[in-house]
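Participant: Structure below; questions to follow.
The values are calculated or read from the model by the stated rules, or taken from the named source; none is laboratory data. As the structure is a prediction and not an experimental result, all values here were calculated from the model. Here the Cβ is made from the backbone with ideal geometry for all residues, glycine too, and neighbour counts use every protein chain on show.
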Amino acid sequence: MNASPTTPSISEEAQKQPMKQKCEHHLECMKVIQAILDDEATEAEKDHFRENMDKCLPCIESYRLEKCIKESLNFKIEKKPCPESILKTIISKINS
């Protein structure tokens, strides 16, 4: 996994320490993982997750899996613009 300002990474020191095998707040961590991967996480959330990730095996495995899935989908899915007629229909239904 390549480190960048938006991608969490595991420090060398943390790799030497035993990691937790169970996450006590996995649901909350998954929400933060999704926010990070969607580039919607705050810096505080990213920092907190980096610290947690260094200690929690389920979180790092979940992050890697979710990242892999997202990258695979982005690679495989052809992005097409929404037809103007569908967009107008949706907007009119929202406004009515």
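Participant: Which residues, counting only those in region 61-79, are among the aromatic types (Phe, Trp, Tyr) and farther than 19 Å from Lys20 by Cβ?
Facilitator: Listed by number, the list holds a single entry, Phe75.
Participant: Could you tell me which residue of region 36-57 is modelled with the lowest pLDDT, considering only residues that are surrounded by fewer than 16 Cβ atoms within 10 Å (Cβ to Cβ) and touching a Lys or Arg at 6+ places or on another chain (Cβ under 8 Å)?
Facilitator: Lys55
Participant: Which of the residues spanning region 35-60 are in a loop (DSSP other than H, G, I, E, B), acidic (Asp, Glu) and closer than 22 Å to Pro18 by Cβ?
Facilitator: Listed by number, the list holds a single entry, Asp54.
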